[in-house]
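Reading through the structure tokens given below for one structure.
Every number here is computed from the coordinates shown, using simple stated rules; none is lab data. None of these values were measured; they are calculated from a predicted model. Using ideal geometry, Cβ is built from the backbone for each residue, glycine included, and neighbour counts are taken over all protein chains shown.
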Amino acid sequence: MVSHARWKLARDEKVAQGIAEDPEVERRREEISLAFDLGQAVYDRRTALGISQTELARRAGMTQPQVSKLELGGTVPTVPLLARLARAMEAMFRMELFGSSIRVTFTDLDGPAPEEEARTEPPATEHAPASAAEAEADAGAERTAATG
């Protein structure tokens, strides 16, 4: 299995050499990157709470293997599952879109209101569709992934 960092490095090397990537491959890379970012956000919040995967699974009505797969970036969760996870982790889930960049976080409910947070943080992940048609196709795929 190729790690997240290795495929990103391989893609960057191809771009530097002027080798164009198939739009479908790029779309899939963006989907995988989103899955990793969502998994990392769940992991970060769970560990900040000091709870195990088993405890999170119990709270969210899942199994421990499902939590593990999610944290490893093996699946893109649906919106209802993200809502259950946010409740289970006593957190607010946020997905921020910055043009072609996406940032996902689970934040403490007692934290600052979204409008009070500084907007100077860099996005966690950058996604850049090659064309308007590809961006529209990505939007359709994301709606499908979000609704299950």
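Brief remarks on what is shown
- Cα-projected label distance for residue 29 with residue 15, points at 7 Å along beta-carbon direction, nm: 0.7 nm
- The per residue volume of the convex hull around the alpha-carbon atoms of segment 22-68 is 65 Å³.
- Segments 91-98, 14-21 sorted - mean Cβ within 10 Å per residue, highest first: 91-98, 14-21
- Under 11 Å, Cβ to Cβ, from residue 45 - net charge with Lys/Arg +1 and Asp/Glu -1: -3
- 13 Å cut-off, amide nitrogen to a point 7 angstrom out along residue 109 Cα→Cβ, residues in segment 58-99: 84-93
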